[in-house]
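The values are calculated or read from the model by the stated rules, or taken from the named source; none is laboratory data. Given the structure is predicted, the values throughout are model-derived calculations rather than measurements. Neighbour counts are summed over all protein chains in view; Cβ atoms, including those assigned to glycine, are modelled from backbone coordinates with ideal geometry. Note: areas computed on protein heavy atoms with side chains; ligands, DNA, RNA excluded. Shrake-Rupley method; radii C 1.70, N 1.55, O 1.52, S 1.80 Å.
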Amino acid sequence: MAKATFEVPALTQYTEIPAVTPDAMAHSAPFVAKADFQKPLGFPGGLVDDWQTTAIAKMRELLGRYRSLQVYLDSCVKCGACTDKCHYYLGTKDPKNMPVGRQDLMRKVYRRYFTLAGRFFPKLVGAEDFTKEVLDDWYSYYHQCSQCRRCSVFCPYGIDTAEISMAAREIMDSIGVGQKYCNEIIGKVYKIGNNLGLPGPALEDTLEGLEEDVYDETGVKVRYPIDEEGAEILLVTPSADFFAEPHVDGLIGYGKVFHEAGVTWTLSSHASEAANFGMFIGSYANMRRVAQRIREAAIQLKVKRIVFGECGHAWRVAYSFLNTLAGPWDFLDPRYPVPQHICEFTFDLIQQGRLTFDKSENDDKVLTYHDSCNVARASRMGDTPGGQFEIPRAIIRATCNHFYDMDEDTIRDRTFCCGGGGGLLTDDLMELRVKGAKPRLDALNNVMQEKGVTHMAAICAICKSQFTKVLPYYGMEMDQIVSLHQLVSNAIVLTGQGDGDLEDEDETDEAA
Amino acid sequence: MAFLTGFYALLFYFAAVVLVTGLVFKIQQYARTPAPLKIPTTPAPTTRGGVIFRMMREVVLFESLFRGNKWTWIFGWMFHFGLFLVTLRHLRYFIEPVWFPIQLVQPFGIYGGMAMVVGLAGLWVRRFFVDRVRYISAPSDHLILALLILIGCSGLMMKFVFHTDVVAIKTFFLGLYAFDVKPLPSDPLLLLHLLLVAVLMIVFPYSKLLHAPGLFFSPSRNQADNPRERRHIAPWARQLEQE
Ligand code: HEM
Ligand code: HEM
Ligand code: SF4
Ligand code: SF4
């Protein structure tokens with residue numbers, strides 16, 4: 001683990017609200033995208049000459065397109081309810097990381113150019129010209145927001161700073177100031193099909209390897225198919241699931257669940273990525289283009305259902321936006337929601353009593369569960385509100401003997417972001433990521449001390465990668481973070497497991 | 001005296017026009033701007049009825065604020081509920097005959113006035129003493145509180161110390177409806193009260209007081225959570241599909 005070049009905060013029993021420390025994180029900014037990464041997304045390669053006018057024009061366009069932006073910029077009464085809710089403020093003490101502080105960076109420009117009061121009495125209402133300094137602040141602080149929506153839970157008007165950050169990034173992209181990490185990745189999705197740039201043949205190799213591993217371990221032939229036309233289910237999962245720990249253990253788990261369900265399924269090399277970074281940069285056009293791949297894959301592979309693997313922001317785009325961006329889904333089986341979450345799929349089988357578990361396989365662990373921000377506050381599972389909290393917990397209880405929740409103030413819709421969401425999961429933002437993880441890790445540390453918790457399960461690729469990287473800074477072990485379906489995978493008893501016989505279900509997969 | 005009456009008559013016509021046209025403009029702007037994506041803060045109700053119930057809890061109880069900050073909630077709710085009672089009590093100056101429920105509410109209006117001022121004072125103290133709230137406050141945030149406190153205090157002074165001729169006031173305002181300007185009592189407190197009220201009406205559509213209509217248009221609160229069941233698409237987004 002690289003030595004930190006900044007001070008890692010000390011964990012406290014309960015997260016304390018820090019005193020306002022202006023500019024504590026003013027130095028933090030991610031690498032700027034070069035022209036090569038801007039062009040494929042349709043953005044100018046560098047800061048355009050008349051950037052100020054262009055930016056204001058873009059802002060006008062967005063105000064006309066997004067009611068959220070218009071209403072949120074007008075409505076804030078500066079009540080302060082959100083000021084202590086952002087993990088980045090709690091971890092960095094910088095007041096521009098208070099949600100309202102972050103919004104005000106845009107609101108002061110909005111007031112100056114779009115409101116009467118700001119035009120005539122800028123000082124009075126805190127309006128400011130859009131100067132280069134303001135733009136620099138935008139670049140810095142709109143890349144210190146993981147779009148986790150925790151602020152919107154507590155705001156009396158539901159003002160969602162994520163919406164404002166997205167709009168700000170879209171405006172910056174439109175004048176040629178893009179973020180390297182996000183824009184490079186979106187380019188990779190267009191060119192290769194996934195965020196990690198893994199080409200089809202590499203995926204096939206990996207999946208074959210998984211089949212062998214699972215066979216060696218269980219004696220059962222579980223399949224991990226890709227590009228198999230005519231399969232019932234298309235699985236769309238974050239590309240980290242293909243190789244990184246602990247993600248891949250989750251993918252192994254999905255395969256075992258499908259196997260036991262006796263359904264045919266397939267991955268797609270065309271849509272080999274669940275995440276949609278178009279959302280992070282607030283670009284409807286790019287988000288739509290990324291989402292369309294899934295539609296194309298579903299049509300091409302003639303599947304009947306779409307299931308998403310464990311990923312937080314991806315599930316938001318899938319659950320809340322996919323129907324809008326890539327629907328209608330009238331060519332799929334109408335008996336199932338489109339798309340479904342792998343947790344919904346597994347939970348249904350558990351309820352029908354179709355899965356057998358040996359919970360003692362997870363007895364080496366005492367678990368807690370991290371509600372991923374975008375699953376918690378921007379989506380649902382099952383038919384009742386709050387299913388996104390209950391279903392994953394029900395799966396853990398069905399597969400593990402030892403489970404404890406963290407402090408109520410830090411879970412369910414009040415959960416803290418891992419600190420790496422929203423396009424910030426990049427090494428050039430390490431200080432921010434470490435500090436932003438503090439509130440979550442305070443709560444984790446608390447249950448570790450009090451309940452002897454050893455592991456935290458999550459259902460998001462970003463959370464898993466972020467914690468793997470950040471836990472060691474706080475003196476914890478990187479493998480304390482596990483995939484939810486890793487627990488399923490450990491505990492599930494496959495039909496025929498142990499007696500070495502091949503399963504007859506396997507043959508049905510050969511339809512293609 | 002005649003000059004004052006004429007001035008106040010014009011002032012209130014002007015203020016009323018600004019308030020109404022300003023609000024109508026803003027509301028139709030909010031209503032016409034599409035919300036292209038489903039973004040309710042979840043868990044959210046899945047039906048229209050559920051959304052109405054959620055919105056009612058926000059408007060009447062300030063539910064989210066309650067979860068967010070208890071002190072702000074106590075003072076904020078005191079102020080708004082007080083303001084609500086005061087408004088009801090004030091209706092007697094503007095309607096003839098005075099409806100029975102408005103007659104009943106008269107005494108509570110006074111307590112409302114007191115609650116309003118106490119609530120406002122509490123909110124203002126927070127703006128000075130909580131460093132985070134101090135950081136986000138612009139001069140206008142202080143001024144609006146000062147304005148409302150002054151309106152409240154001048155009103156309470158009229159009620160308890162320097163009485164004014166409420167019958168004449170009512171005649172003046174009812175007269176304005178018919179463009180028939182009747183004399184307005186010239187008590188300084190009343191003139192101050194009314195001047196500040198006119199200022200409040202004028203700034204309303206140009207300030208953060210837009211939170212009142214804004215709340216009803218907030219997509220994170222007014223959308224139903226049913227994106228898988230029903231396809232939601234904005235007109236400008238549909239155009240992208242035709243391209
Ligand atoms: C639908 C009606 C309304 C709702 C739901 C509503 C709700 C709220 C809420 C939740 C707050 C934040 C908490 C607080 O600081 O009190 C607030 C603040 C405020 N409201 Fe309202 N309000 C409404 C109407 C009004 C009206 C008509 C006025 C003005 C005459 C007003 C003036 C204010 C002011 C000045 C603040 C800021 C207080 C501060 O500085 O902390 N509100 N409102
Ligand atoms: C054109 C509009 C208004 C008129 C003509 C008006 C007139 C008056 C009068 C005559 C009183 C004295 C009542 C008495 O002696 O019994 C009063 C009291 C009061 N006014 Fe107003 N007022 C107006 C608007 C407002 C507004 C908008 C507010 C609050 C923001 C307000 C807040 C109060 C309060 C708190 C009191 C003391 C409690 C009470 O008697 O109800 N007034 N007002
Ligand atoms: S969305 Fe999350 S990260 Fe962004 S300001 Fe709100 S609480 Fe902070
Ligand atoms: S909670 Fe909402 S209204 Fe209050 S300061 Fe924050 S954004 Fe503004």
Worksheet item: When segment A:137-168 is examined, which residues are found to be within 6 Å of ligand 3 (Cβ to nearest atom) and at positive phi?
Response: A:Q147, A:R149
Worksheet item: Here are B:R67, B:R32: which of them is open to solvent by 50 Å² or more (accessible area, probe 1.4 Å), among the basic types (K, R) and over 29 Å from B:L123 (Cβ atoms)?
Response: B:R32
Discussion item. With the condition being closer than 28 Å to A:R316 by Cα, under 22 Å from the mean Cα position of the chain (by Cα) and facing chain A (nearest Cβ under 10 Å), I'd like the helices (runs of 4 or more DSSP H) fully within segment B:124-243 carrying at least 3 qualifying residues.
Written reply: B:211-217, B:219-222
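Kindly indicate whether B:V98 is within 15 Å of ligand 1 (Cβ to nearest atom), β-branched (V, I, T) and surrounded by fewer than 19 Cβ atoms within 10 Å (Cβ to Cβ). First the steps, then the outcome.
On the way: within 15 Å of ligand 1 (Cβ to nearest atom): no; β-branched (V, I, T): yes; surrounded by fewer than 19 Cβ atoms within 10 Å (Cβ to Cβ): yes.
No, not satisfied.
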Item to complete: Pick out the one residue from B:P213, B:P139 that is open to solvent by less than 20 Å² (accessible area, probe 1.4 Å) and within 30 Å of A:R102 (Cα to Cα).
Response: B:P213
Discussion item. Let me confirm something: among A:L207, A:L196, which residue is away from ligand 4 (no atom under 16 Å from the Cβ), within 19 Å of the chain's Cα centre (by Cα) and surrounded by fewer than 24 Cβ atoms within 10 Å (Cβ to Cβ)?
Written reply: A:L196
Item to complete: Kindly indicate the residue of segment B:142-169 that is open to solvent by 60 Å² or more (accessible area, probe 1.4 Å) and touching a residue at least 24 places away in the same chain (Cβ under 8 Å) and also nearest to ligand 3 (Cβ to nearest atom) among those meeting that condition.
Response: B:L150
Discussion item. Consider segment A:468-498. How many of its residues are within 26 Å of A:D216 (Cβ to Cβ), under 19 Å from the mean Cα position of the chain (by Cα) and either crowded, with 22+ Cβ neighbours inside 10 Å or at pLDDT below 95 (or both)?
Written reply: 6
Item to complete: Within segment A:154-174, track down each residue that is near ligand 4 (Cβ under 10 Å from one of its atoms), more than 20 Å from A:A24 (Cβ to Cβ) and in a helix (DSSP H, G or I).
Response: A:F154, A:I164
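Only one residue in B:F3, B:F12 is outside any loop (DSSP other than H, G, I, E, B), touching a residue at least 12 places away in the same chain (Cβ under 8 Å) and more than 11 Å from chain A (Cβ to nearest Cβ). Which one?
Working: B:F3 fails: touching a residue at least 12 places away in the same chain (Cβ under 8 Å).
Of B:F3, B:F12, the one residue that is outside any loop (DSSP other than H, G, I, E, B), touching a residue at least 12 places away in the same chain (Cβ under 8 Å) and more than 11 Å from chain A (Cβ to nearest Cβ) is B:F12.
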